[in-house]
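Asker: What follows is a structure written as structure tokens; I'll ask about it next.
The values are calculated or read from the model by the stated rules, or taken from the named source; none is laboratory data. In this text, all values refer to a predicted model and were calculated from it rather than measured experimentally. In this analysis, Cβ positions are derived from the backbone assuming ideal geometry, glycine residues included, and neighbour counts consider all displayed protein chains. The area values use the complete protein model at the heavy-atom level, side chains included, leaving out ligands, DNA and RNA. Shrake-Rupley method; radii C 1.70, N 1.55, O 1.52, S 1.80 Å.
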Amino acid sequence: MNSDEVIKEFRSSGALLEGHFKLSSGLHSRMYLQSALVLQFPNKAEVFGCAIAEKFSGKQIELVASPAIGGLIIGHEVARALGARFIWTERQDGQMILRRGFSVTPGEKTLVVEDVVTTGASTRETIVALQNAGADVVAAASIIDRSSGQADVGVPRIALATLDVRSFDPAECELCKEGTPAVKPGSRK
Ligand SMILES: [Zn+2]
């Protein structure tokens, strides 16, 4: 599955919108990504999961771990395709941790999977939580990397598609200067 095919699937399910958006951070952007809208279709999630898993065939991945909530569906699909176990981290008092009795075997070969990497923060925090539990985190992966390859998570990282999605301070937004109004994604006009 190449980058164009991934983007096409996102577009056709409304998971990738182009226009002039006001993000929850307050910044403006030409693009809005909501991967839940494509991952709501299990057959599409399965195709992305298999495409990520393919890149790690022969790497003896024993465990896939993802940050909740965004990474749950895709992480599960990758684990299924690799025949690996699947667990997740979640935030408690701001810290990404393993809960629910999840444990890791010392040196367990682990792949950390997220839906979309923006700054890489959630992937990085998940890697640290797994390493603290004794895992050998060998790589990280996502369906989309919107950092144009810039996010550094401390282990080798791949993405099925890489985008350069810049966001702007409203005072410096090109689209505001052109006079088009910014819309909040998900709201109907
Ligand atoms: Zn704007």
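Asker: Where residues in region 131-189 are of a type in the set (Asp, Glu) and within 14 Å of the ligand (Cβ to nearest atom), which of them is farthest from Leu98 (Cα to Cα)? Explain how you work it out, then say what you get.
Answerer: Step one: list which residues in region 131-189 are of a type in the set (Asp, Glu), which gives 136, 145, 152, 164, 169, 172, 174, 178.
Among the residues that remain, those that are also within 14 Å of the ligand (Cβ to nearest atom) are: 169, 172, 174, 178.
Values: Asp169: 35, Glu172: 40, Glu174: 42, Glu178: 47 Å.
Only one residue fits best here, namely Glu178.
Asker: Next question, about the same structure. Please name all residue pairs, on different chains or six or more residues apart, with Cβ atoms under 7 Å, provided the first residue is in region 53-76 and is under 14 Å from Ser35 (Cβ atoms) and open to solvent by 70 Å² or more (accessible area, probe 1.4 Å) and the second residue is modelled with pLDDT under 95 and in a helix (DSSP H, G or I).
Answerer: If the second residue must be modelled with pLDDT under 95 and in a helix (DSSP H, G or I), no pairs are left.
Asker: Mind checking which residues of region 17-32 are out of contact with any Asp or Glu (no Cβ under 9 Å at 6 or more places or on another chain) and either within 14 Å of Ile143 (Cβ to Cβ) or surrounded by 13 or more Cβ atoms within 10 Å (Cβ to Cβ) (or both)? Lay out the reasoning, then the answer.
Answerer: The initial filter retains those residues of region 17-32 that are out of contact with any Asp or Glu (no Cβ under 9 Å at 6 or more places or on another chain), namely 17-19, 21-25, 29.
Across region 17-32, the qualifying residues are Leu17, Gly19, Phe21, Lys22, Leu23, Ser29.
Asker: Sticking with this one: Taking the condition touching a residue at least 12 places away in the same chain (Cβ under 8 Å) and over 24 Å from Gln95 (Cα atoms), does Val183 pass?
Answerer: On the way: touching a residue at least 12 places away in the same chain (Cβ under 8 Å): yes; over 24 Å from Gln95 (Cα atoms): yes.
Yes; evaluated as a whole, the condition is true for this residue.
Asker: Leu33 versus (1) farther than 21 Å from Leu111 by Cα; (2) aliphatic (A, V, I, L, M); (3) free of Cβ contacts under 8 Å to residues at least 40 places away in the same chain; (4) touching a Leu at 6+ places or on another chain (Cβ under 6 Å): which is the lone unmet condition?
Answerer: Of everything listed in (1) farther than 21 Å from Leu111 by Cα; (2) aliphatic (A, V, I, L, M); (3) free of Cβ contacts under 8 Å to residues at least 40 places away in the same chain; (4) touching a Leu at 6+ places or on another chain (Cβ under 6 Å), Leu33 misses just condition (3).
Asker: Go through region 23-138 and tell me which strands (runs of 3 or more DSSP E), entirely inside it, have 1 or more residues that are over 23 Å from Ser12 (Cβ atoms) and among the charged types (D, E, K, R).
Answerer: On the way: elements: 28-33, 63-67, 85-92, 95-98, 109-117.
Per the criteria, 85-92, 109-117.
Asker: Hey, any hits in region 127-147 for a residue that's open to solvent by 70 Å² or more (accessible area, probe 1.4 Å) and within 22 Å of Ser24 (Cβ to Cβ)?
Answerer: The answer is no; no qualifying residue exists.
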